[in-house]
Amino acid sequence: MTTNKELYPLASPENAKRKADLAPKQIEAWRNFSRTVFKEGVLDEKTKQLIAVAVAHVTQCPYCIRSHVPQALKKGATKQEIMEAIWVAAEMRSGAAYAHANIALDAMDEAEK
């Protein structure tokens, strides 16, 4: 397993406790929110984890990727489904960059006035 401790300190029980101790009410609210969001509802837990994997790649959160990939596998996702979710994320991210070119076109038009 490769890590870059200088850029991304390792997630550890000690760091989790330190963060919780600094804001106990907030961490409990966040934990309850997280548990609620990932419970089966209209979407099953596997689908929710695949969404989380995709979003983690768009937000480029290494901690989220390392957390949600194993959870997706545990909920029954295949490696192929995980990779396909990542490709959906990649398309959405690149699609957003292309769509934002409309803003650049608008700015060019405004600059010419």
Point to revise | Fully extended contour minus Cα-Cα distance, from residue 36 to residue 6, at 0.36 nm per residue | key: 7.5 nm
Exercise for review: Can you tell me the relative contact order of region 42-112? Whole percent, Cα pairs under 8 Å, sequence separation 6 or more.
Suggested key: 33 percent
**Study point:** Extension gain, residue 88 back to residue 59 (0.36 nm per residue minus Cα-Cα distance, nm)
**Key:** 9.1 nm
Check your understanding: Which label belongs to the value computed from this structure, given these candidates for Cα extents along the principal axes in Å: (i) 33, 33, 31; (ii) 43, 27, 24; (iii) 57, 35, 33?
Key -> (iii)
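Since every read-out is calculated from the coordinates, none of them should be taken as a lab result. In this text, all values refer to a predicted model and were calculated from it rather than measured experimentally.
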